[in-house]
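One structure is given below, encoded as structure tokens.
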There are 2 protein chains.
Amino acid sequence: MASSTSSSSSSQEDSPIQCFKYSRRATLRSVVGRPDGGLGLAGERAVVGGWVRSSAVVKARRAGLAASPSRRPEVETTGLTCTEVLMTRVPLIRRIARLMANGISVAASGDYARPAAGTALVRINDGSCVADLQITVDSSLCPLEQVTASGACVLVEGKIEQVKHTAPQYVVQMRVEKILHIGPVDSDKYPLSNAHPSTELVRGYPHLAARTAAVASTARVRSELIHAAHAFFQTNGFFHVNTPIITTTSAGNRRKMFSVTRLFSKSDDSRVTPEGVRAAIKEKMKQVEALKRSESNKEALEAAEQDLQKANVLSRQLEQGGSTDSSDDYFNRAAYLTPCHTLHLETYACALSSVYTFSPAFQVEILESDKSLTERWTIDVELAFAELEDAMSCTEDCLKSLCSTVSKDCSDELKFLSSSQAGNASNSLIESAVSSPWQRIKYTEAVNTLLQVTDKTFESKLEWGMPLSHEHMSYLADDLYKKPVIIYEYPKQLKPFYARLKEDLKTVSAFDLIMPKIGIVACGSQKEERLDYLTTRIDESGLQIEQLEWYLDTRRHGTVKHSGFSVDFEHLILFVTGLKDVRDTIPFHRTKGHAKY
Amino acid sequence: MASSTSSSSSSQEDSPIQCFKYSRRATLRSVVGRPDGGLGLAGERAVVGGWVRSSAVVKARRAGLAASPSRRPEVETTGLTCTEVLMTRVPLIRRIARLMANGISVAASGDYARPAAGTALVRINDGSCVADLQITVDSSLCPLEQVTASGACVLVEGKIEQVKHTAPQYVVQMRVEKILHIGPVDSDKYPLSNAHPSTELVRGYPHLAARTAAVASTARVRSELIHAAHAFFQTNGFFHVNTPIITTTSAGNRRKMFSVTRLFSKSDDSRVTPEGVRAAIKEKMKQVEALKRSESNKEALEAAEQDLQKANVLSRQLEQGGSTDSSDDYFNRAAYLTPCHTLHLETYACALSSVYTFSPAFQVEILESDKSLTERWTIDVELAFAELEDAMSCTEDCLKSLCSTVSKDCSDELKFLSSSQAGNASNSLIESAVSSPWQRIKYTEAVNTLLQVTDKTFESKLEWGMPLSHEHMSYLADDLYKKPVIIYEYPKQLKPFYARLKEDLKTVSAFDLIMPKIGIVACGSQKEERLDYLTTRIDESGLQIEQLEWYLDTRRHGTVKHSGFSVDFEHLILFVTGLKDVRDTIPFHRTKGHAKY
């Protein structure tokens, strides 16, 4: 996680609290995110901002006795769990919870200044770290309902003070002296006003979701993984290449590709599809059939038949005219969203040697029920002069480096996610993946191993040449080896045309990386650098070779052995966070039928 | 630029040359990219690979005398410039050029071992650095035409030796002892076989272009800028957020957006547009007119008129059916490629506070002649609790940091680009941009200043409320201030609806950054956080407010002052490299009518 550096532009120049360089407040990370939880800042003044996570208002037991210090004031809570409420009221529970929470010793109960009645205890978070900061707001400063509603935004100035009793998970809180800004919330209308909204509910509001601790934690983990990836590749001498998103190459998998077009816009978005034509014709055919059956109206039947015939003729005319349409489109040809960056990236590897890209890729999922992401991010890597083993080593080193960085720098986030309902990150799973060498096993061995399993029956059939099902992969990674497994040398029919054919002419130099609990997180291959083998494989795969002539140029002119791999970034996040649903790994998920905003 | 680290997996464990960790050779960067040009490695053995840039073959003057050491052998060159050829032949020119090139003193001519006749001198490059490595290949090792053709790929093993005379820009060369791989080239068919192909020619072959020194240098600069950007934001505590590429929000600028669809694919890519229908009807109308004019065939006319009527009816039916089409599309609604990441990124800033993204954005250009990129990459930044001035400071710091890194770590690339025809990078321009504070000037001041200019007449008219033209911006940045200029507080009609309205109700808190020689490289604004002002501005802009309801939620619930900016990454590359054409800043450019591969 980044350390939030800061400039000297703070107004409190002597303060150990430094203002965030580009906004007018100190980040919570620089206060409660410190190793001492902020203890060293007690007594200091600061400006902090954030959104309200939960709150409690200290109330007078009876009217007229509000200010009496001799009576323990009542506390009315918003968005606190039952335990949290108990803790604010029962000293013993407070003390136990405090000991469990962080073990930092604070002074005993004697010097405890009870919050006065009419004080709001508000936990705010600015997204810079997992920990909230508790601020206390006196009712003289503002109408308390403005600062106690979950989701409200506040920017406040105040004094940091050591917490003695009130909240065991906090070492310090801020006593607010000045309110600089309030962004209010109407709790009846704010969809996430419940302090513990369900994952399902949160997913419906992607534009507000990051205000929940779970989504914010996931976002920080995602960010850290991206930083770690760039750091790994820069340290190892790779160049980042922006391969295109719009592509005019449809390498046979057009069924899985989205079209990019301007044809709709030319006609103010009213458009006609061949389905429309066919539907109209079908309707007319039904009319004709009905008239035939009724035998009542010969003239009507004739007219309908004529009508149908004309419609058919027009439809054919239109379809013929329509087939050349893409030449009228923006790029003068059919264009698509790229499903994969490999081909374009290879061309740069065949010049710069070691290249990678972190880019979005787009894949159509046919099944309505499918939760697979249509817009995914992938890390793609290509290495010239490298063979299969090099690509496998690079995959292993890269993912180990990412996991290691994130487990170190996002430990609070991973802890939070594993303790919450959202995720189930097992730090031990990550640590074992980082520390021990991964299992490598040939596909043929894997199949033989699985066929000999006696302590478990698999639902899906398996024989050589068939893909491994999820339960097969799970058995290998979760039960047998209990670590990440790289399966390599697949039957050629299971892998893309560009995977290099082995001498047996049956298998190719390709691999899948299986992560425990998740399944395939990366796949890679040594690329076929021999022109004749490659063209044969393209033919065998039933692809249009004309679409790939440019790609073949890299084999015609100065061909080189090269290998690469592709990491499914969202699946990696699933592994690291323990999240169950891939839709929760990305800020605005796109799946079949769903693309909010 | 990244340092290519390396493991101990090299076979030559004692060698100071370390093998690149994930491929079977040392990078040229680790040999000739060293500060000593590789001198310290003389005598060492290594494996290197790369593509042939140019070559020369030492020929015997006469047949039969080839091996005679007493005669100076002739040199036949491929892809060398005139000066380079001269240098290989005339000792004095060699010596002068050597002194000019690097000033490294090498031993005098006495100990010079002339290359034997039948030896090829081949300059290879593997893309890891600007410098080539010269390898010498004896004709006994392979047919020399295989290794001398420009574009051929070689992987060779040999001994590094100090160069005395042959090539002034080289300190060391490699005497090849073993050829491990050759990827040949048929020079007649290889489009870039000319050693100095024109920029125009290279642009036509984006899949091979990175084998030229200019495109490879640009690619490395681009990569380094990306790394520097991530480093800047990580150091400053920002989180990277992947905002979506496919969006279903068309905030009024649908005219400038690409549609994303699956409707074409459902029908095997044969499709019908309303244009097609109308064209068919037009054709029929012409027939009718012609028949009317001829007056010869009443029956034919009647039939044609009937036909036309039917076609019209069917066309209306089809168009009505077609208008609801997007509900049949993949996302059950119209979907687009995002033209801008601001709106989605803002929602994450209103939760995580300091966020950025480096993402592709898509914009339709209407003019055929326009060379603007349709697929661009932008750095977008949003900061909660930040005002206009914070965003301007962050822009300045960010771009200074990027320029500073690239001028330090890509100095060879920038030097090369400024010396070649491709670019015209002025290092002094970059350095002055890095070292001095940038000019900040209000739009109103800028207009007043420009209206008072007497030493120059501008072609385009200017008065308050009009946008500044390119010549106005150029006058301010190139002539008047001679440094980057930030112009801020624009009339509201010149800026998007989300820019925050100032108290004068006429101007908004928005800015443009003008870089010398280039024009606008970044723009930003403080966002309107007040719900009522924002809805008014949306209305005024003629946008559909229903499309933006989700965006307004961030103002309804816990609104916060926030500011941000967007860097046009390809324009930044233009500034840094001095390239003239934005199409050369990105690996596979997409412009109107052009999207190769």
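Coordinate-derived values only; no laboratory data. Given the structure is predicted, the values throughout are model-derived calculations rather than measurements. All Cβ positions, even for glycine, are placed from backbone atoms using ideal geometry, and neighbour counts span all protein chains on display.
Side notes on the structure shown:
- Other residues whose C-beta falls under 11 angstrom from the C-beta of A:L180 contribute a net charge of +2, scoring Lys and Arg +1 and Asp and Glu -1.
- Exceeding the 23 Å Cα-Cα cut-off - candidates A:K506/B:K596; A:K456/A:K517; A:K292/B:K282; B:K483/B:K561; B:K21/B:K596; B:K59/B:K415: A:K506/B:K596; A:K292/B:K282; B:K483/B:K561; B:K21/B:K596; B:K59/B:K415
- Going from the residue with the fewest nearby Cβ atoms within 10 Å to the one with the most, B:K59, B:K461, A:K596 rank B:K461, B:K59, A:K596.
- Linear extension gain, A:E299 paired with A:D455, 0.36 nm per residue minus alpha-carbon span: 48.6 nm
- Positive-end extreme of charge dipole, segment B:373-466 - chosen from B:L388, B:A446, B:F458 (charges on Cβ): B:F458
- By the beta-carbon count within 10 Å of each Cβ, the least crowded to most crowded order of B:F588, B:F258, fewest first, is B:F588, B:F258.
- Net charge of neighbours whose Cβ lies under 9 Å from the Cβ of A:D390, counting Lys and Arg as +1 and Asp and Glu as -1: 0
- Residue-wise HN-Hα couplings along segment B:470-480, as the Karplus relation 6.51 cos²θ - 1.76 cosθ + 1.60 with θ = phi - 60° gives them from phi, are 4, 5, 5, 4, 4, 4, 5, 7, 8, 9, 7 Hz; Gly and Pro carry x.
- Segment B:331-436: C-alpha gyration tensor shape, a/c 1.5 cut-off, then a/b vs b/c: oblate
- Using a 7 Å projection from Cα along Cα-to-Cβ, the label point at B:G542 is separated from the same position in the remaining copies by 5.0 nm, smallest value first.
- Given R0 = 45 Å, the distance between the Cβ atoms of B:M285 and A:Q493 translates into a calculated FRET efficiency of 0.25.
- A straight Cα-to-Cα reach below 18 Å connects B:K159 with the lysines B:K178, residues fewer than 8 places away in its own chain not being considered.
- Full-stretch length increase - B:K517, B:T235 - with 0.36 nm per residue and alpha-carbon distance subtracted: 98.5 nm
- P(r), alpha carbons of segment A:380-449 - 10 Å bins starting at zero, rounded %: 17, 35, 30, 17, 2
- Taking other C-beta atoms within 10 Å as the exposure proxy, A:C142, A:C129, B:C153 rank A:C142, A:C129, B:C153 from fewest upward.
- Copy-to-copy label separations for B:C142, where each label sits 7 Å from Cα toward Cβ, in nm and ascending: 7.3
- In segment B:481-597, one over the average inverse separation of all distinct C-alpha pairs is 16.5 Å, which is the Kirkwood hydrodynamic radius.
- Label geometry 7 Å along the beta-carbon vector: A:L494 inter-copy distances in nm: 6.3
- Among the listed pairs A:K492/B:K189; A:K442/A:K492; A:K442/A:K495, those whose Cα-Cα separation exceeds 21 Å are A:K492/B:K189.
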